[in-house]
1. Please report Rg over Rh for the range 21-88, where both radii come from the alpha carbon positions and Rh follows the Kirkwood definition.
2. Can you list residues from other chains, or at least 5 along the same chain, whose modelled amide H is less than 5 Å from the amide H of Arg102?
3. If you take the beta carbon distance between Arg280 and Glu133 as r and set R0 to 35 Å, what does 1/(1 + (r/R0)^6) give as a FRET efficiency, to the nearest 0.05?
4. Between Ala291 and Thr112, 0.36 nm times their residue separation minus their Cα-Cα distance comes to what?
5. Around Phe61, which amide H atoms from residues at least 5 apart in sequence, or from another chain, sit under 5 Å from its own amide H, with H modelled in the peptide plane?
6. So, in nm, how far is label Val305 from label Asp205 when the simple model puts each one 7 Å beyond its Cα toward the Cβ?
7. Using a 1.4 Å probe, how large is the accessible area of Val274, given in Å² and rounded to the nearest 10?
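The values are calculated or read from the model by the stated rules, or taken from the named source; none is laboratory data. Model, not experiment: these values are computed from the prediction. For neighbour counting, all protein chains shown are included, and Cβ atoms are generated from backbone atoms with ideal geometry for every residue, glycine included. We work out accessible area using only protein heavy atoms, side chains counted, and drop any ligands, DNA or RNA first. Shrake-Rupley method; radii C 1.70, N 1.55, O 1.52, S 1.80 Å.
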Amino acid sequence: KNCPTAMCVVSSPSLARPAAARQQVAVTNDRGVLRLAICAGDRVLLSLADPCVLTQTLGPFPAGSVNCVSWTASGDALAVGVGATARVYERTRDGGAGSSWRWEETAVLTPTTGGGRRSSSSGDPLPAVEAGELAALAWSGVFGARRALWGAAAHVLMLWTQPADAGASADASEWQLAWRRQLATPVSLLAGCGGAAALLASAGDGDRLAKVWHPEPPDDQAATGRLPRRRAAAPPPLRLGFSYLCHPAPVASLEWRPAPAAGAGDPSSPETSVLLSLCRDGTPRLWMMAAAGGGGAPRPCLCAVLGEGAGTALPRAP
């Protein structure tokens, strides 16, 4: 009751709209400090969770246009969906007392272009699509890029990437629209897997089938199961495939978590990534990425169904 952030949220009329209820609050663990980002009408409120202290306000943006927010896993960057654009904020010192952090806008991304000069990761134009306002945003790891941000706008799913050397370049805001696809059904829920695992889970309102998107190997590697001997002059076009996750009721929540340590495996690799899904039957389910034979991309398999009191472990796919 004494939290100023909570009072701002309650008084915001935008949070009362049913269509704007999804992914309007984001939480991150910033080196042991829980931080919140909350959509509140034409602003985004940044707050500490404990103690509940309002630290910064982003905006005002055009009235009612803030749709979604997403933190990076480390809390050093934040994406805000404003209309059809994604605004990227990065952490910097406030220049005052020298001990507090501020988040400053560094890029504005659109469904047709990134924040830089390149149209795609391969230099080829992407197919034209019609995208509306962003409904969801999610960060993930991808191909050695410094940052990778996914966005969903109605029937369009897109991926922006920032080059790995962007932080040291003169134009640190240079982003590129690496991939974009028109889907049969609209997407309203995204969950990205951090670290080096280039994975995304997605679902739409009322969907019983969630999707896990993953990079596909190049055509020559997929055919032979071997890495290509020669490096192409230009990077090959980004190829993404997906696997379906079947649920008995519409999916309500998706979230990635690192798998328990079970040896010397890399915790950021796809094979050690675990997805927690929750549908409207109230039963959480755990999915683990299983390595595919022949050099194929890892595929998700159901490894546990969590009921009341205890979970039911299922055998992992070979």
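1. On the way: Rg = 11.4 Å, Rh = 11.9 Å.
My calculation of the ratio gives 0.95.
2. Thr92, Arg93, Asp94
3. Numbers: r = 25 Å, r/R0 = 0.71.
Calculated value: 0.90.
4. On the way: separation 179, 0.36 × 179 = 64.44 nm, distance 3.39 nm.
Working it through step by step, the gained length comes to 61.0 nm.
5. Arg43
6. Here the answer is 2.9 nm between the modelled labels.
7. Surface accessible to solvent at Val274 totals approximately 20 Å².
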